[in-house]
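Heads up, the thing below is written out as structure tokens.
The values are calculated or read from the model by the stated rules, or taken from the named source; none is laboratory data. This is a predicted model, so every value here is computed, not measured. Every residue, glycine among them, receives a Cβ derived from its backbone with ideal geometry; neighbour counts consider all protein chains shown.
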Amino acid sequence: MPDTLDNYSVQTLHSDSDLVLSKVVVGSLDNNVFFITCAQTGESVMLDAADEHELLLKLCEQTKTRLVLETHGHWDHIGALTEVRDAGYDVGVGAGDTYRLPGYDFILEHDTQIEVGELKLDLIATPGHTEGSICFKVVDKPFLFTGDTLFAGGPGRTDLPGGNFNTVLESISERLFKFDKDTICFPGHGDVTTIGAEQADFQAWVDRGW
């Protein structure tokens, strides 16, 4: 993938013989959009059709994107969704967030897998930020894509419709903290973190209560 496209910075976050992980930041809320590419076949998936549809469609073409997977249905994560679907890309979303989208093609179900060439992604339902929030873990790699469920510094906001603080804490503690402490978390906004770094602050979130 090129380093720049139409004056946007496209970052290659990781590259090895199995996969290439790239990111572009789009929209007024600086959404992270990730491309996970199988190094063996060249096939990719895009996580979150957030905004700037012309840019994302160019990147989808360059990366041989096959599917678009939504971490959740808040407006800033689906701004390019209509144009992406109109271009022929199938979009998946968690069942609890289908009503937030202008359209979708398939449901993302907890404890199932999506194949990307020779790569596999585990789907993890993590309600709390929204009812249908989904995280994605690359099988046999320390890479976890957490959407707005878990950021560097704590869980995503739960004061929006569909949010529940106790539910997001349970999702994080029961379904994300099961991964190794060195697992790298790639959130929907901002910088990466690790499971270990966020575990260290978990009790502070509980005590804070929001």
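Exactly one of (1) surrounded by fewer than 20 Cβ atoms within 10 Å (Cβ to Cβ); (2) among the aromatic types (Phe, Trp, Tyr); (3) in contact with a Ser or Thr (Cβ under 9 Å, 6 or more places away or on another chain) is unmet by residue 34. Its number?
(1)
Does residue 122 satisfy the condition of being surrounded by fewer than 21 Cβ atoms within 10 Å (Cβ to Cβ) and within 30 Å of residue 209 (Cα to Cα)? Break it down stepwise before answering.
Values: surrounded by fewer than 21 Cβ atoms within 10 Å (Cβ to Cβ): yes; within 30 Å of residue 209 (Cα to Cα): yes.
Yes; evaluated as a whole, the condition is true for this residue.
What is the residue count in the stretch 93-107 for residues that are surrounded by fewer than 24 Cβ atoms within 10 Å (Cβ to Cβ) and touching a residue at least 24 places away in the same chain (Cβ under 8 Å)? Lay out the reasoning, then the answer.
Filtering the stretch 93-107 down to residues surrounded by fewer than 24 Cβ atoms within 10 Å (Cβ to Cβ) leaves 95-96, 98-107.
If we keep only those that are touching a residue at least 24 places away in the same chain (Cβ under 8 Å) as well, we get 95-96, 98-102, 104.
Selection size over the stretch 93-107: 8.
Against the definition (over 12 Å from the mean Cα position of the chain (by Cα), in contact (Cβ under 8 Å) with a residue 12 or more places away in the chain and surrounded by fewer than 18 Cβ atoms within 10 Å (Cβ to Cβ)), how does residue 200 come out, yes or no? Talk me through it step by step, then tell me what you get.
Numbers: over 12 Å from the mean Cα position of the chain (by Cα): yes; in contact (Cβ under 8 Å) with a residue 12 or more places away in the chain: no; surrounded by fewer than 18 Cβ atoms within 10 Å (Cβ to Cβ): yes.
Criteria not met by residue 200.
Taking the stated definitions as given, is residue 120 modelled with pLDDT of 95 or more, of a type in the set (Lys, Arg) and out of contact with any strand residue (DSSP E or B) (no Cβ under 9 Å at 6 or more places or on another chain)? Before you say what the answer is, go through the steps one by one.
Details: modelled with pLDDT of 95 or more: yes; of a type in the set (Lys, Arg): yes; out of contact with any strand residue (DSSP E or B) (no Cβ under 9 Å at 6 or more places or on another chain): no.
No, not satisfied.
I need the full set of residues from the stretch 33-48 which are assigned to a loop (DSSP other than H, G, I, E, B) and out of contact with any Asp or Glu (no Cβ under 7 Å at 6 or more places or on another chain), in order please. Write out each step before concluding.
Taking the stretch 33-48 first, the residues assigned to a loop (DSSP other than H, G, I, E, B) are 39-43, 48.
Those that are assigned to a loop (DSSP other than H, G, I, E, B) and out of contact with any Asp or Glu (no Cβ under 7 Å at 6 or more places or on another chain): 42, 43.
All but one of (1) under 16 Å from the mean Cα position of the chain (by Cα); (2) of a type outside the set (Asp, Glu); (3) over 23 Å from residue 126 (Cα atoms) hold for residue 17; state the number of the condition that does not hold.
Looking at each condition in turn, residue 17 falls short on (1).
Working carefully through the options 134, 124, find the one that is in contact with a Lys or Arg (Cβ under 9 Å, 6 or more places away or on another chain), of a type in the set (Val, Ile, Thr) and touching a residue at least 24 places away in the same chain (Cβ under 8 Å).
Details: 134 fails: in contact with a Lys or Arg (Cβ under 9 Å, 6 or more places away or on another chain).
One residue alone meets the criteria, 124.
Looking at the structure I just gave you, is residue 167 β-branched (Val, Ile, Thr), under 22 Å from residue 70 (Cβ atoms) and within 14 Å of the chain's Cα centre (by Cα)? Walk me through how you get there before you give the answer.
Values: β-branched (Val, Ile, Thr): yes; under 22 Å from residue 70 (Cβ atoms): yes; within 14 Å of the chain's Cα centre (by Cα): no.
So residue 167 fails the test.
Condition first: outside any helix (DSSP H, G or I), buried (at least 23 other Cβ atoms within 10 Å of the Cβ) and free of Cβ contacts under 8 Å to residues at least 60 places away in the same chain. Now tell me which residues in the stretch 51-90 satisfy that.
68, 73, 78, 80
Whether any residue in the stretch 105-120 is basic (Lys, Arg) and assigned to a helix (DSSP H, G or I) is what I want to check. Talk me through it step by step, then tell me what you get.
Just the residues of the stretch 105-120 that are basic (Lys, Arg), to begin with: 120.
Among the residues that remain, those that are also assigned to a helix (DSSP H, G or I) are: none.
The answer is no, given that none of the residues of the stretch 105-120 is basic (Lys, Arg) and assigned to a helix (DSSP H, G or I).
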